[in-house]
1. When the residues of the range 9-44 are filtered to those that are within 18 Å of residue 55 (Cα to Cα) and touching a strand residue (DSSP E or B) at 6+ places or on another chain (Cβ under 8 Å), which remaining residue is modelled with the lowest pLDDT?
2. Which numbered condition in (1) assigned to a loop (DSSP other than H, G, I, E, B); (2) within 30 Å of the chain's Cα centre (by Cα); (3) without any contact (Cβ under 8 Å) to a residue 12 or more places away in the chain is the only one that residue 116 fails?
3. Scan the range 43-82 residue by residue and report those that are part of a helix (DSSP H, G or I) and more than 24 Å from the chain's Cα centre (by Cα).
């Protein structure tokens, strides 16, 4: 009974079912000579059993990269939102020279690296 349920789930997940066994969708892909050789080397090394495993791993990596890029963009947008809100609320500093800015950034850096965090605004 449990085996039948698992097959039923695979059927819905893959939208294919052949003679009681779940079948994965197939695709034809065109590879460059270099890519084909790379796939062959990876399979020959024993790390992967076949070319499909290599390509599935590649797709997992692309999926991970896409998720990381999405997370970075979300963080960047949030940082921009916070920065704009700070400027609109008057929470910013101006500097008379690049040297003054460099000193301020050095103070911030030293505070973070020492574990003390940001120095309060009156002392920085």
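1. The residue in question is 14.
2. Only one criterion is unmet by residue 116, namely (2).
3. 43, 44, 51 - these are the residues of the range 43-82 that are part of a helix (DSSP H, G or I) and more than 24 Å from the chain's Cα centre (by Cα).
Conditions tested, residue by residue: (1) closer than 30 Å to residue 38 by Cα; (2) loosely packed, with under 10 Cβ neighbours inside 10 Å.
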{"site": "56", "(1), (2)": "yes, no"}
{"site": "63", "(1), (2)": "yes, no"}
{"site": "75", "(1), (2)": "no, no"}
{"site": "79", "(1), (2)": "no, no"}
{"site": "88", "(1), (2)": "no, yes"}
{"site": "95", "(1), (2)": "no, no"}
{"site": "99", "(1), (2)": "no, yes"}
{"site": "102", "(1), (2)": "no, no"}
{"site": "108", "(1), (2)": "no, no"}
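The values are calculated or read from the model by the stated rules, or taken from the named source; none is laboratory data. Keep in mind it's a predicted model, so treat the numbers as computed, not measured. Cβ: placed from backbone, ideal geometry, glycine included. Neighbour counts: every protein chain shown.
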